[in-house]
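Student: Pasting a structure below so you can have a look.
The values are calculated or read from the model by the stated rules, or taken from the named source; none is laboratory data. Here the structure is a predicted model, which means the values were calculated and not measured. Here the Cβ positions follow ideal geometry from the backbone for every residue, glycine too, while neighbour counts run over all protein chains shown.
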């Protein structure tokens, strides 16, 4: 696998029709769109980001692809109840390439715990902590082991690792 391929990652996470998915820090929306195609009209995808212009682009892409199951949510995930989603309402949360830039990881992860259903899954896709030609500076990256420790301390159990591309690692956690 070369660079991250959202469609391949979505398959490895185990997203299925009818699920409710939250894409935290949705950015350009690649995961949101890929997930929306899988969950179909019986499911829903919340694209959550603080950048309004990116959310507008996601909504446009969803409309172009006739995906009425994508809802954009403008929010600050580093504030208490920042996603503005209901308690225990989401089957899967995707957190891709944002942990290295989040100042208050504890608030973000407590928000994930709040909105995840019992046995809900949280998928992390993050930059490997090794030198590469692209991506954030090495000192800002979070190693796979550091990531596992952070999530364990907040209330998640590691379910599995998955291939996320040559410069990324993928981890799936289950809410305890």
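Student: Give all pairs with beta carbons closer than 7 Å in which a residue from the stretch 161-173 that is at negative phi meets a residue that is in a loop (DSSP other than H, G, I, E, B) and crowded, with 19+ Cβ neighbours inside 10 Å; count only pairs at least 6 apart in sequence or on separate chains.
Tutor: What qualifies is 164/4; 168/4; 170/164.
Student: From 91, 63, which residue is within 23 Å of residue 172 (Cα to Cα) and either within 13 Å of the chain's Cα centre (by Cα) or not in a loop (DSSP other than H, G, I, E, B) (or both)? It would help to see each step written out before you state the result.
Tutor: Values: 63 fails: within 23 Å of residue 172 (Cα to Cα).
Every option except 91 fails the conditions.
Student: Consider residue 120 against the criteria (1) over 15 Å from the mean Cα position of the chain (by Cα); (2) outside any helix (DSSP H, G or I); (3) over 15 Å from residue 25 (Cβ atoms); (4) free of Cβ contacts under 8 Å to residues at least 60 places away in the same chain: it satisfies all of them except one. Which criterion is unmet?
Tutor: Result: residue 120 fails condition (1) only.
To keep it simple, each residue is scored yes or no on (1) loosely packed, with under 15 Cβ neighbours inside 10 Å; (2) in contact with a helix residue (DSSP H, G or I) (Cβ under 6 Å, 6 or more places away or on another chain); (3) at pLDDT 95 or above.
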{"site": "123", "(1), (2), (3)": "no, yes, yes"}
{"site": "132", "(1), (2), (3)": "yes, no, no"}
{"site": "138", "(1), (2), (3)": "yes, no, no"}
{"site": "145", "(1), (2), (3)": "yes, no, yes"}
{"site": "148", "(1), (2), (3)": "no, no, yes"}
{"site": "154", "(1), (2), (3)": "no, yes, no"}
{"site": "163", "(1), (2), (3)": "yes, no, no"}
{"site": "170", "(1), (2), (3)": "no, no, yes"}
{"site": "174", "(1), (2), (3)": "no, no, yes"}
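Student: Turning to a different aspect of this structure: Only one residue in 27, 18, 56 is outside any helix (DSSP H, G or I), farther than 25 Å from residue 105 by Cα and either touching a strand residue (DSSP E or B) at 6+ places or on another chain (Cβ under 8 Å) or at pLDDT 95 or above (or both), so which one is that?
Tutor: Working: 27 fails: farther than 25 Å from residue 105 by Cα; 56 fails: outside any helix (DSSP H, G or I).
Answer to the check: 18.
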